[in-house]
Amino acid sequence: MISNIFNIAARSLDVYRKALDVTAHNIANADNENYTRQTANISTSFPDKVSGLVWGSGVQIDSITRIKDQFIESQYRKNSGENSFYNKQSDLLSRVEQVFTEPSEYGLSDLMTSFFNSWGELAVTPDSTNLRENVVTAAQNISTRVQTINQDLATIKEDTFNEFNSKVQTLNSLLSQIHELNVKITQQVGTGAQPNDLMDNRDALVNQVTSIADSQVYYDTKGSVNISIGGVLAVDLSQSIQFSVKKENGDLKLTTAAGHILQKIKGGELGAISDVYSSKIPDYLDKLDNIVSTLFNSVNGIHSKGYTNEIPPQTNINFFSSYEAGSLKINSEILDDPSKIAVSADGTTGNGDIALQIADLNNKQLINGSTLVDNYSSLITGVGNDKSSSDSLSYSSGLVLQQLDIQKSSVSGVSLDEEMSNVIKFQRSYDASAKLIAVADEMLQTLMQMV
Amino acid sequence: MRITDLMSVDNYLLNIKRVKESLSTLQSQISSQKKIQKPSDSPDGTGKIIRLQNQFNTSSGYSKNIENGLSYMNVTITSMESIQSSITDVLTALANANNATVTGGLDAFADQVNNALDAILNAANEKFNGKYLFAGTDYSTMPFGYNSDGSAIEIKAGNISGEQKIQISKNVTQKINITGEEVFGTVVKQTGNLDSGAVVGSVQTNQTSVYSADGTEYTFITNYTKTAANTYALTYDIHDSGGASVYSTPPSSQQITFNSATGEISGINGKPASSLIVEAPSHNIQFSFNSSNIKETAGASNLSFSANQQVDIFNTLLTIKNKLLNGELPTEEETARVQNFNQNILNKISSAGNIVNKLQDTQDVLENQQSVITGLLSDEQDVDEAKAILEMQNLDYMLQVTYQISSMILPRSLLDYL
């Protein structure tokens, strides 16, 4: 029957036009990083049985599906969270290490050495006002540097807290969008449709969530994605949680609207920010505090035994008046009158024994069997190691991510060569189908002319 | 493997980014001449730089101290040499005065002695960098001068025995002055032991001869009264030949404490042990009393005295001059005191020379140390320019090649041939 040829050809024209639509959609999204290439799954349509024979009925499109490897996607999400953690940590630590201005002549290490040297020099001429002024200036330099380091680290801490807040707002927005997409996708899946582009959009949002916080991602059979963060179900088909930030025991925590405190976030950008805020910076400050407190106590311990260059000489005077909240203060009486620096051990003008003892603190093993400068050097090495380590891990996790991205792209990315081949292929099939109609038409014409 | 267009672009961008990052690092290193600019560039290297820089700066501080010490010691030696030269003149004058062939009065010799005395007094009061050389740790006060009626020369400064010290290396300090007490003063030293088992309230009394400026003999008496464990009250008195005290009011007592573990003096009146100036101006008596070496240990008390000289050189010369003016020759004992002083000043010049040698040797060691540290610092932080420039050149080639190849490959697709 000639009409059957028309039917087969017409169906074929429709199939290859639609296949060309899918190809066109792929080409249009070739540079869209979140896009997953789609393919029209073509199969033979259900055959007809006429006169005991089975007649082929042509071609049909079964479905239009995304080409995706779920295992690679899952690996990508996991490594994306890890890479985000180290990237963010590296960014924040890069700000932290700049605070110490090491190695340079402006660092605390050189200032401490200059301070001790100024005492050594004062011991040569203990009543020299200039040399006493030098000691005060050297102490002020230390005081300023210590205060600057503390203030800068406090600023970075405040910035990280603000960034944590901002990231949580972003996370909330992402969770809300994912919830909306969950609803739309499951509605369409319920009607037998395949909302590929919505799924791509949602996958992109899920990837953003995993890079912000370590999450457990699970796709259910209805087409919804469920994400758990810190032991709490953050989003599913029915709802999305809005998190808020709480400071608790010097740590940054997420809480739900119901007041439930989440387990500590250890991965993603939030994990990195929380780590720098609650662990790294406090650790550096503690170590610096220990060094400055030891300097404060050691200098005062010796200085208070000495005698000032006054008539009569005074004793039991502290060189530093206080060290609180990162602020090292020099005795205001000494600032006003350097003759109140107690350099003499016996009250005579030219005795510089106290100055010598303070100068020698530079060589004393005052903390854990090491000198102050050695301890400070260990602190800086620690800061450098933390930064260097997060750089290395950021680099290596970046390489893994890049490899996974290549694999992901290799499976799901659009190849213009491939798509153009498909265009030609489908165009030829479309042409052939059209030709078939022309042939059937001619056949019909021939028959008509016979009548 | 399927290669998509986005993969090619991403790969290209990633490689360009890495090459540019390396280029930027090298560029920054070359311009700053430092290969470590922040701790993460080399955490261990940074720690090493901080420690080396600390060593270098500390060592430079010691060098500066030594330079100051050397200047001070060199001026002190010059001053002592001038004193020794004056003393030689005195000894020559005294030899000539005693020479039987000399005729006439002794006034000319008295003049020579007086000139030498003035020269020695000037040298003893010489200053360097605002500090009296022989004033100990009371260097702002002129150490020696005539008393109010001009009959004797006395110590004016508070503590001419004080040692000025500088730090010259780790845990090492060096005295950089020759004290007035060492050169000119009469020092009565007390050594020996106080019985740590003695009961509170017990008194240990000892005595020795001391001399006034004109050589008159007196008796110096010390009493250590135990007031508590390891603590004593030291009182002293000076009696004339008739046994009468030269003081109308007795000098105040000194509290002496001993370290219970070592038995050494831990302080006098709460301060580190130092010499005590004992004086009785009405009788022209003045000397340093040094008891800082006595100990408190188990066993019977046995304190003893020793003195470097009976009368100091100033008052000895003053006495000799006055005698010569009166037509008298100095006694053999007085001449011997001048000879003793001559020997003493020679010894002090020698010990000052030893200090200078020690300072110079330490300075040499420090300079070597600084040179080594500078080398180590350079190894650790300085950029090897040739290597860095070659690496930069290489990276630049790589960048150009990447651009070239990318420009050839990236725009190509099947579209170009359709």
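The values are calculated or read from the model by the stated rules, or taken from the named source; none is laboratory data. Quick caveat: nothing in here was measured; it's all calculated off a predicted structure. Note: ideal-geometry Cβ built from the backbone for every residue, glycine included; neighbour counts use all protein chains shown. Side chains are part of the model used for accessible areas, which takes the heavy atoms of the whole protein and leaves out ligands, DNA and RNA. Shrake-Rupley method; radii C 1.70, N 1.55, O 1.52, S 1.80 Å.
In region B:33-48, how many are open to solvent by 50 Å² or more (accessible area, probe 1.4 Å) and either closer than 15 Å to A:Asp386 by Cβ or in a helix (DSSP H, G or I) (or both)? The number of residues fulfilling the criteria is 4.
One residue stands out among those in region A:356-370 that are at the interface with chain B (Cβ under 8 Å from one of its Cβ atoms) and buried (at least 20 other Cβ atoms within 10 Å of the Cβ): the one that is nearest to B:Gln174 (Cα to Cα), which is A:Leu356.
Checked against (1) free of Cβ contacts under 8 Å to residues at least 60 places away in the same chain; (2) more than 19 Å from A:Ala345 (Cα to Cα); (3) among the polar types (S, T, N, Q); (4) surrounded by 17 or more Cβ atoms within 10 Å (Cβ to Cβ), B:Ser202 passes all but a single condition, namely (4). One residue stands out in region A:1-14 among those that are over 10 Å from A:Gly58 (Cα atoms) and not charged (D, E, K, R): the one that is modelled with the highest pLDDT, namely A:Leu13.
So that you can scan it fast, the table gives a plain yes or no per residue for (1) out of contact with any strand residue (DSSP E or B) (no Cβ under 8 Å at 6 or more places or on another chain); (2) over 30 Å from B:Thr216 (Cβ atoms); (3) within 12 Å of chain A (Cβ to nearest Cβ); (4) acidic (Asp, Glu):
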residue	(1), (2), (3), (4)
B:Asn259	no, yes, no, no
B:Gly263	no, yes, no, no
B:Pro272	yes, yes, yes, no
B:Val278	no, no, no, no
B:Pro281	no, no, no, no
B:Phe287	no, no, no, no
B:Asn293	no, no, no, no
B:Gly299	no, yes, no, no
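If the condition is being open to solvent by 100 Å² or more (accessible area, probe 1.4 Å) and part of a helix (DSSP H, G or I), then region B:401-418 contributes B:Gln404, B:Met408, B:Ile409, B:Tyr417. The set of residues in region A:294-327 being touching a residue at least 60 places away in the same chain (Cβ under 8 Å), of a type in the set (A, V, I, L, M) and open to solvent by 40 Å² or more (accessible area, probe 1.4 Å) consists of A:Ala325 alone. Applying the set (1) open to solvent by 70 Å² or more (accessible area, probe 1.4 Å); (2) out of contact with any strand residue (DSSP E or B) (no Cβ under 9 Å at 6 or more places or on another chain) to A:Ile27 leaves exactly one unmet item: (1). Determine if region B:274-286 includes at least one residue that is hydroxyl-bearing (Ser, Thr, Tyr) and either part of a strand (DSSP E or B) or free of Cβ contacts under 8 Å to residues at least 12 places away in the same chain (or both). Scanning region B:274-286, I find no residue that is hydroxyl-bearing (Ser, Thr, Tyr) and either part of a strand (DSSP E or B) or free of Cβ contacts under 8 Å to residues at least 12 places away in the same chain (or both), so the answer is no. No other residue among B:Thr141, B:Thr92 is surrounded by fewer than 23 Cβ atoms within 10 Å (Cβ to Cβ) and assigned to a loop (DSSP other than H, G, I, E, B) apart from B:Thr141. Can you tell me which residue is nearest to A:Val124 (Cα to Cα) among those in region B:158-168 that are open to solvent by 10 Å² or more (accessible area, probe 1.4 Å) and at the interface with another protein chain (Cβ under 9 Å from one of its Cβ atoms)? Ranking the candidates gives B:Lys165 first.
Considering only residues that are open to solvent by 20 Å² or more (accessible area, probe 1.4 Å) and either facing chain B (nearest Cβ under 7 Å) or under 30 Å from A:Gly347 (Cβ atoms) (or both), which ones fall in region A:111-124? Once the filter is applied, which keeps residues that are open to solvent by 20 Å² or more (accessible area, probe 1.4 Å) and either facing chain B (nearest Cβ under 7 Å) or under 30 Å from A:Gly347 (Cβ atoms) (or both), region A:111-124 yields A:Ser114, A:Asn117, A:Glu121. Of all residues in region B:197-210, none are touching a helix residue (DSSP H, G or I) at 6+ places or on another chain (Cβ under 8 Å) and not in a strand (DSSP E or B).
Say we look at region A:380-416 and pick out the residues that are charged (D, E, K, R) and under 16 Å from B:Leu14 (Cβ atoms); which of these is farthest from the other protein chains (Cβ to nearest Cβ)? It comes out as A:Lys408.
Every condition in (1) within 12 Å of another protein chain (Cβ to nearest Cβ); (2) surrounded by 23 or more Cβ atoms within 10 Å (Cβ to Cβ); (3) under 30 Å from A:Asn130 (Cα atoms) holds for B:Leu70 except the one numbered (2). When the residues of region A:86-110 are narrowed to those that are assigned to a helix (DSSP H, G or I) and open to solvent by 30 Å² or more (accessible area, probe 1.4 Å), which ends up nearest to A:Gln140 (Cα to Cα)? Only one residue fits best here, namely A:Gln98.
Residue-wise test of (1) among the aliphatic types (A, V, I, L, M); (2) under 30 Å from A:Arg11 (Cβ atoms); (3) not assigned by TED's automatic domain parsing to the domain that holds A:Gly267.
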position: A:Ser344; (1), (2), (3): no, no, yes
position: A:Asn351; (1), (2), (3): no, no, yes
position: A:Ile358; (1), (2), (3): yes, no, yes
position: A:Ser378; (1), (2), (3): no, no, no
position: A:Leu393; (1), (2), (3): yes, no, no
position: A:Arg428; (1), (2), (3): no, yes, yes
position: A:Ser433; (1), (2), (3): no, yes, yes
